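Bear in mind these aren't lab numbers, they're just calculated from the coordinates by the rules spelled out. Since we're looking at a predicted model, the values are computed, not measured. No Cβ is skipped: glycine too gets one built from the backbone with ideal geometry, and neighbour counts run over all protein chains shown.
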Amino acid sequence: MNSRNRVLTCLVLLAAVVGFAGCGKKKTPLTTNTAPPLSGPAPTAQLTATPTTITAGDQVVLSWRTADATSVSIDGIGDVPSSGVKTVTPAVSTSYHLVARGDGGSADATARVTVNAQQMAVAVPQDTSASSMSADELFRANVQDIFFDYDSYDVRADGQSALSKTAAYLAANPGIKVLIGGYCDERGSNEYNLTLGQSRASSAKEALVRAGIPSDRLRVVSYGKEKPFCAESTEECWQQNRRAGFTIDR
Amino acid sequence: MIALFRLLPRSLLWICLVLCSVSNTPVLKAQDWIRTGSGLSGQRIRLAAADFKPVGGDPQVPVLKASFDATLYNDLANAGIFDMVSKSMAPPVTPGSPQEINLTQWAADPANASMVAFGALSASSGRLVVNGWVFDAKNPGSPQVLGKQYNEVANEDNARLIAHRFADEIIARLGGGVNGIAETKLYFVSARTGTKEIWAMDYDGQNQHIVLKLGTTSMSPRISPDNSRLAFSSIGKEGWTIRMYSLELGRPVAFPAGVPGGSNFSPAWSADGVKVAFSSARSGDPEIWVADSSGGNARKLTAFRGPDVAPTWNPKTNSQIAWVSGRTGLPQIYIMDADGANIQRMTDGGYAISPSWSPGGQFLAFSWNRKYGPGAPGGQDIYVMDIASKRWIQLTHDAGSNDYPSWSPDGRHLVFERAIGRSTEIWTMLADGTEQHALTHSGKDFMPNWSWK
């Protein structure tokens, strides 16, 4: 009798738990139905980080796109345009959190970047390359890739400010030579994109020469669409691939 | 109700079929001028290719015969000028000589052949001997149109080679004197080794092999008109340079004009083999340059801000060059005289690239996305334009992204690159867009170039 009661109680409790769980599931869509009516379409937001895993000192390209938003901000960066691209150099693992607010509500997007500590310098402290590693770090901190509009090799305003910083850094470090690579998105022909990449790299070089950097310190090579940074057929990825990239020319 | 649901898909299918056939009709009409211009318009000759008669007890014979029969039939079917008698309709006989053929049997239904190709294949003492004939089935009094004998070392490659030669003899004899293409080669780029290298294959996709392994990205292979040298663009320590590889010597040869500036792309041979045009940014902006094929006398032909690339000579006259220019924004096809004068824009918008000038000088084949732009619905397709009238026809429809058309030397065929998703293959078709089929299957094959002979 006692044990039968216990079994019964257990069954009742079990049924209650299952029942509540079921109710909870059913209620989920209801919450959106009961939300207060809003005056416009709900904003949408996408945020990607490429690559998602780096070594400390490496660059990450954040690119985002929103729709129907009146204000967009990324935590730690501040207010940003409704869509765009930004290069960041996180020192530690970071979750970039974007909030897009509009008349129709708000939308969030998050991109996580894992930053691995630089192990080489620790593992081989006596390595003579330690000093050149820090030169690379300094270079990467001061010299940022610039991005181009579709089928264009004109330097944009955001590229112009990055190039000014690059020119200042190169002027202060006259021993550094730079290889400028021109890159394109996957669309169109390999041959045409090689010339387009060439023109993008040349545009970056011309801007640096105008800023006083001797042209013999700047070498240009086009990679067309042969060496993409990402391979997705999305505008975010295409934007990342439409760039002029800078490396120390040794 | 259930019956209705069962019927619905079937009726939808019928509606689709009707719509498709309706939308195809104007395309077929528009093909008339391209069919005339490319030599595909004549009445197709009803041709039967009999299986050849095996002779001798050499154990190699069945294998060689199978390769020979398949290659000969395929070459004749590919030619674009024959209405082939399918093997299932041909009489089940293998006449090995003129004495053994019964022409009335071939002229009668269901074969209904006008012409019959037949013969015998034997192997003995390591030699492969093929005797082939073409007889006019409708002229039994004096039927012989062609008689050939071939004698090569007995192996499968030579069985295919002899079939190609015999097919080309038949095509030249019955096709208005235009040489066949069965012995031509295709050069292309393949990334099968992990790096884009220059590869080659027979025109029918057989015998695919790497030409030279550089271990760095190579692009834009262009074979010289005499088949002796291969020009291409490759990235190395000096950036992108035009390189020359001698197929006769089996090693690279110098091409000094293709080095300066580190941005040299897309070489193009003149039809006399004397000059090579290419794109170079040595003067700061990518322009079309031309140099002697020995690598001297480089000079600039274009001078306008914006990308200029992908030249192709008018092979009929050697006096004009078509190329791609981004001088007004999106790339368009232009033509000019070989000295840079008389520039004329050919395309009226969209994204137009990769011109190839037809052997007869009349047409440009190129890749065009007429509705190019972010989010635009356009596709990258192969088009042919009649240069004098600028009227054009679309040859590929709703099948991947198509680029790098290259004319066959007989002007009846095109080879091109088709990307579907991440998989890119070499395809071929007749110049009117029909009979499209893939020649490669690795998913990593690009930029085909058809040899000149």
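For chain B, the longest principal axis of the alpha carbon atoms and the long axis of helix B:61-78 meet at an angle near 60°. Taking label positions 7 Å along the Cα-Cβ direction at both A:Leu138 and B:Ser41, the computed distance is 7.3 nm, reported to one decimal.
For region B:272-399, rounded, prolate or oblate, judged on the Cα gyration tensor with a ≥ b ≥ c (square roots of eigenvalues), a/c < 1.5 rounded, else prolate if a/b > b/c? Because a/c hits 1.5 or more and a/b fails to exceed b/c, region B:272-399 counts as oblate. The phi torsions of region B:437-446, fed into the Karplus equation with coefficients 6.51, -1.76 and 1.60 and a -60° offset, translate into couplings of 8, 7, 9, 10, 9, 8, x, 10, 10, 9 Hz, rounded to whole numbers, with Gly and Pro shown as x. Using only Cα atoms, locate the centre of region A:181-205 and the centre of region B:303-362, then give the distance between them in Å, rounded to an integer. Between the Cα centres of region A:181-205 and region B:303-362 lies a distance of 19 Å. Its alpha carbons considered, region A:42-102 gives a radius of gyration followed by a Dmax of 11.9, 37 Å.
For B:Ile81, no residue whose modelled amide H falls within less than 5 Å of its own remains once neighbours fewer than 5 places apart on the same chain are excluded.
Only loop residues by DSSP count here, and only those with at most 15 other Cβ atoms within 10 Å; note down the GluC sites (Glu not before Pro) in region B:348-453 that meet that. Intermediate values should be presented prior to the final figure.
Numbers: sites: B:Glu417, B:Glu425, B:Glu435; in loops: B:Glu435.
Filter output for region B:348-453: B:Glu435.
Legend: distances between Cα atoms for A:Lys225/B:Lys300; B:Lys237/B:Lys371; A:Lys205/B:Lys237; pairs beyond 29 Å are B:Lys237/B:Lys371.
If the chain linking B:Gln394 and B:Val153 were pulled fully straight, counting 0.36 nm for each residue of separation and taking away their Cα-Cα distance, it would gain 82.3 nm. Scalar couplings 3J(HN,Hα) for region B:226-239, obtained by applying the Karplus form with A = 6.51, B = -1.76, C = 1.60 to θ = phi - 60°, are 9, 6, 8, 9, 10, 9, 7, 10, 8, 9, x, 4, 8, x Hz; x denotes Gly and Pro.
Straight-line cross-link partners of B:Lys87 among the lysines, defined as a Cα under 30 Å from its Cα and at least 8 positions apart when in the same chain: B:Lys53, B:Lys65, B:Lys138, B:Lys148, B:Lys185, B:Lys453.
Would you please state the base-10 log of I(q)/I(0) at q = 0.08, 0.09, 0.10, 0.13 1/Å for chain B, with intensities from the Debye formula using one equal scatterer on every alpha carbon? Computed log10 I(q)/I(0) values: -0.53, -0.66, -0.80, -1.18.
Summarising the amide proton neighbourhood of B:Thr396: residues at separation of 5 or more, or on other chains, whose placed amide H is nearer than 5 Å comprise B:Ile382.
If you take all other residues with their beta carbon under 12 Å from the beta carbon of B:Ile335, and give Lys and Arg +1 and Asp and Glu -1, the sum is +1.
What the phi angles of region A:185-198 give under the Karplus curve with 6.51, -1.76 and 1.60, with θ = phi - 60°, is a coupling list of 7, 6, 7, x, 8, 4, 5, 5, 5, 5, 6, 5, x, 4 Hz, glycine and proline written as x. What's the center-to-center distance, using Cα atoms, between region B:84-159 and region B:230-295 in Å? Result: 47 Å between the Cα centres.
Distant-in-sequence amide contacts of B:Gly443, defined by a placed amide H-H separation under 5 Å and a gap of 5 or more residues or a different chain, comprise B:Thr424. Specify whether the C-alpha gyration tensor of region B:333-453 places it in the rounded, prolate or oblate class, a ≥ b ≥ c being the square roots of the eigenvalues: rounded for a/c under 1.5, otherwise prolate if a/b is larger than b/c and oblate if not. Oblate, since a/c reaches 1.5 and b/c is not below a/b.
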